Each structure stands twice: as C-alpha cells, then as structure tokens.
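Here the structure comes first, spelled out in structure tokens, and everything after it is commentary.
The values are calculated or read from the model by the stated rules, or taken from the named source; none is laboratory data. Predicted model only: the values in this text are computed from it and were never measured. Note that we place each Cβ from the backbone using ideal geometry, even for glycine, and neighbour counts take in every protein chain shown. These area figures cover heavy atoms from the full protein model, side chains too; ligands, DNA and RNA do not enter into them. Shrake-Rupley method; radii C 1.70, N 1.55, O 1.52, S 1.80 Å.
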Amino acid sequence: VAESVEPGPAETIEQLLSKAQQSLDDFRLMTPEEDNAYGYYRAVLLLDPANDDANEGIQEIVDRYITLVRKAADQHEHARARRYLSRALSIQPDNRELLALQDSIDRAIHASADTGAAVEGEGSLLESESPGEGPKQGSLIQGIKTFFEKRKAEARSGVVHTPAGWDE
C-alpha cells in the first residue's frame, strides 16, 4: 500500500508561486476570489514572509493596476478607474503613486461635474443660431471662459493642489 506524501514547505511554495504566475499571466490579479495571483502570493508570504518572488509578484500586481487605472482615467471611465484604484490601494494603502492617482481622478470627476454645471448654466453650447449654422461660437467661448475662471478660483482658494510626489 503506497502512502501519500504531503509536499514539504518548499514544494508547496513552488506550487503556489507557479499558480500565482499563471494567474498573473492570465490577468487574474485579485479575482476570481478562489483563483488569483494576489491570493497565491499572500499564501506564499504566510509560509515565508520574506519570499522575494511573492513580494515582487505583489508589486507587479500593483503596477498592473496602476496601468489599468491610468488607461481607464485617460478614457474618462472614472468608475472603472476607481474600482482598479480601490483594489491596488487595498494592497498598498500608503503607495504615493496610487494616492496621487486617486487625487487626480477625484479632481477629474470634480472638474467633469463643474463643467457639466457650467454647460447647464450657460444653456446648450451646441445650440445653433439657426438650422444648419453650427454651434454658437459666443456661447462656446463663454462656456470655456467660465470653466477656466472656476479653475483659477479653485487654485487661488487652495482647493486645487499638486499631489504628493508630482513635484519631484
């Protein structure tokens, strides 16, 4: 009768690192809950808290989320950017780059809301003078001036600031 042999810690770590790398390759960073790179790397760190491969893997996950946040923000998909940002911050809550991205996204959302309010307050900027004439240039210019005046007022009041790490 053959006995089953439990893998030792070194074999277990190697198996977990292999699964983590496969999950990373498949872009299963933190989901699904039962099969993701972050979970495997965390399991390795429970067995070996100083494991360089696991620590580097977790940093790779954060770096990938940073890329995803930037891409979503560039596409003005703020909800998606915030979701990715939230995941990355759950891993590294004190990461300066993540905190700067969070501030940038918050300001972009605030600016979008202000721009929408400015547009609503000014009436339709794309309203035609008469059929076939195109947008009212005067209203468009006024809307742009209003937007920039609000940004200047925010800057003077100290509402707008440079996120930590951006002045380096």
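Worth pointing out:
- Once the stretch 20-70 is narrowed to residues that are hydrophobic (A, V, I, L, M, F, W, C) and outside any helix (DSSP H, G or I), the residue that is farthest from A100 (Cα to Cα) is A50.
- The stretch 29-39, residues that are of a type outside the set (G, A, S) and either surrounded by 16 or more Cβ atoms within 10 Å (Cβ to Cβ) or within 21 Å of the chain's Cα centre (by Cα) (or both): L29, M30, T31, P32, E33, N36, Y38
- Hey, A79 modelled with pLDDT under 95 and exposed (fewer than 13 other Cβ atoms within 10 Å of the Cβ) or not: yes
- Conditions (1) open to solvent by 30 Å² or more (accessible area, probe 1.4 Å); (2) assigned to a helix (DSSP H, G or I): number failed by I13: (1)
- Per the conditions (1) surrounded by 14 or more Cβ atoms within 10 Å (Cβ to Cβ); (2) at pLDDT below 95; (3) in a helix (DSSP H, G or I), the sole criterion not satisfied by L125 is (3).
- Condition check for G143 on (1) within 27 Å of the chain's Cα centre (by Cα); (2) buried (at least 17 other Cβ atoms within 10 Å of the Cβ); (3) modelled with pLDDT under 95; (4) not β-branched (V, I, T): one failure, at (1).
- Cβ separations smaller than 9 Å between residues 6+ apart or across chains give no pair from the stretch 7-34 residues that are without any contact (Cβ under 8 Å) to a residue 12 or more places away in the chain to residues that are β-branched (V, I, T) and surrounded by 13 or more Cβ atoms within 10 Å (Cβ to Cβ).
- R42 within 19 Å of the chain's Cα centre (by Cα) and closer than 30 Å to S104 by Cα: no
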